[in-house]
Every structure is written in structure tokens, then in C-alpha cells.
Amino acid sequence: MKILVSGSSGHLGEALIRVLRESSNEVFGIDLIPSLYTNATGSISNRSFVKKCMKGITHVLHTATLHKPHVISHGRQQFIDTNITGTLNLLEEAAEEGVHSFIYTSTTSTFGDALSPAADEPAAWITEDVVPVPRNIYGVTKMAAENLCQLFYRNQKLPCLVLKTSRFFPEEDDEKMIAETYADSNVKANEFLYRRADIEDVVNAHLLAMEKAPSIGFSRYIISATSPFKKSHLEGLNKNAPGLIKDIFPDYETVYASLGWKMFPVIGRVYVNQKAREELGWLPKYDFGYILERLKAGADLRSELAIAVGTKGYHKMP
């Protein structure tokens, strides 16, 4: 196999290439920014660049994107150029080359306004069946790219799987109030209850998707840590999350108190990864229970892979 990884200088791209280099597979990284994990530097919005890079490729892991934080630094046209046109170029050339699988890294952010119930409503139970209501150009372009993947499976028979990943980046929370109220590690530990994943688990999901795509054809999967919550918990989560969590994890308060941490008072959504576990055979290791055990042992919350990749920030305007 020869695997093309777009966005190879980014968090997930580098993580994928680090893991793939340990296998017998050939891997080819492309990105706007040069790095030790990038073989060719250029823009996926440039069709001729993509065509040149696609020669001999058998699988595509498409992680390159403009992210939500780029909304304040990049124009809407740049989002369209990268997230839609770039994806289209990769799909066109992948179909032409006859690749065996095309895995598109999308985001749970596409659900947008569907993620925010009113204060008097239960928390939202987010599965792949929830209708997305994007709230910004980032969500709109990622959703459009997902639909392009579906179209290319329908019309070109290109096996495409979409992985809607939750938070796995190490940067601080982009909500000022959260960042100022909670320690960063506290925020991330809390999020493993409902909307975070470790990059090690995200990489494993991509590799399983690459293997399964030819037999599945097309589908979308939420990639997030396994939540301990059930539908019966939703009303309590949006009213008194700490009390409900104490019922599930009786010792969490003691662990948190030793660190000076606190739980969010309410949790408004729960990402459900059941479909990915059942259809991809994905077994994410990092969940809130596992995080608690690491905290008790005085260990870092992050996997060795997450530590190795580190923090990159978001690239600025070219």
C-alpha cells in the first residue's frame, strides 16, 4: 500500500504518519507547511499539485483543513478553496487513480446549533442521525466536503468514509470564560465525558476506516471517547452534571479535590460513538474512567503519541 496523508504537518497528519512509518506501508505526506513528515509542499486547492502527488497512491487519509479558529484569521473564500475545492481535487484524482479507500476527517462542529439545547431542555444526544445545522463557514464547508465524499461513492464508486472527530487538539479552550475559569487539563479531563478523544484513538479509528472502507462503501462516524452516559441521563446533565457524575464515578470528587479541579455545572451534549465501535471495530482506550485512573497514578492525561506530536497552534495567513 501507498498511503497519501494530506495535512501531514498538522496534529493528526503527523500522528498518522508517525504510526504508519512503523508499519511496512509506504506513506506520502503533503501540506502547505514543510516538516519532517511532509514529502511534498503545496496546496490541495491546486489540482495539478494534487494530481502529481496522487500517482501510485492506494489509500487517502485526508486531514488537511482550515479549522474553526481560522474563522477569525481567514476569509470565507479561503475556507471554500481549502475545505471544498481541495477536497474535490483529492476526490477527483483519487477516483482517477482508482484508490481503494478515501478517509475524510470531518468534525462534530458540523452539527452546529443542534448541539445547544435550551436551558430547560435535556442535553442533546448526538448520533450520526442528527441533522447538522452549521453555524459558521467552517461547519458549512466541512459539511459540503462530506457530501462530496458521498457523491463520489455514489457516482464513481470510490469507497469514502467520513470520520466526524470531536476535540483532540491540545490548544486551550477557545471560549474565554472556560479558559479563565478552569485549568486547561481540568477542561480536557471533563470533556472526555462527552466530547473529547485522545489522538491515539483518533489515529486508530482512521486506520480501521481505511481497512473497512472497501466493504462499507460510504458512511459517517462520530469519533469521540466512549461516554458513560445514557439517554436517561440527559435531563440531569443539563441541570446538575456533577451530581449525576458522582453517581457513576463515586471517587471523582476526591481525585478532583486533590488537584483543585471542578466539574462543569452542566453538560449540554453527548457524542455517541456506538456506530464506529460496532461497524469499524473501534475500541477507544481513553475515556473518563481511564483518565481518572491516570490521575490517581499521577500520570499525564495524554497518550505517548499525543505527547510526541505536541502543540502546534494554527497556521497564520500565508
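The values are calculated or read from the model by the stated rules, or taken from the named source; none is laboratory data. Keep in mind the model is a prediction, meaning the values are calculated, not measured. Positions of Cβ are generated from backbone atoms using ideal geometry, with glycine treated the same way; all protein chains shown enter the neighbour counts.
Report, by residue number, each residue of the range 9-28 that is under 20 Å from residue 211 (Cβ atoms) and not aliphatic (A, V, I, L, M).
Correct list: 13, 18, 21, 22, 23, 24, 25, 26, 28.
What are the residues in the range 144-166 that are closer than 30 Å to residue 267 by Cβ and either surrounded by 21 or more Cβ atoms within 10 Å (Cβ to Cβ) or among the acidic types (Asp, Glu) (or both), if any?
Residues satisfying the conditions are 145, 146, 161, 162, 163, 164, 165, 166.
Under 21 Å from residue 306 (Cβ atoms) and surrounded by fewer than 20 Cβ atoms within 10 Å (Cβ to Cβ): which single residue out of 289, 281, 243 fits that description?
Details: 281 fails: under 21 Å from residue 306 (Cβ atoms); 243 fails: under 21 Å from residue 306 (Cβ atoms).
None of the others qualify; the one that does is 289.
In the range 1-36, which residues are surrounded by fewer than 21 Cβ atoms within 10 Å (Cβ to Cβ) and part of a loop (DSSP other than H, G, I, E, B)?
Within the range 1-36, 1, 21, 22, 23, 24, 25, 32, 33, 34, 35, 36 meet the criteria.
Looking at 305, 301, which is the one that is under 19 Å from the mean Cα position of the chain (by Cα), of a type in the set (A, V, I, L, M, F, W, C) and assigned to a loop (DSSP other than H, G, I, E, B)?
Details: 305 fails: assigned to a loop (DSSP other than H, G, I, E, B).
Checking each option against the conditions leaves just 301.
Could you check, for the range 120-136, whether at least one of its residues is within 28 Å of residue 310 (Cα to Cα), at pLDDT 90 or above, crowded, with 16+ Cβ neighbours inside 10 Å and out of contact with any His (no Cβ under 6 Å at 6 or more places or on another chain)?
No.
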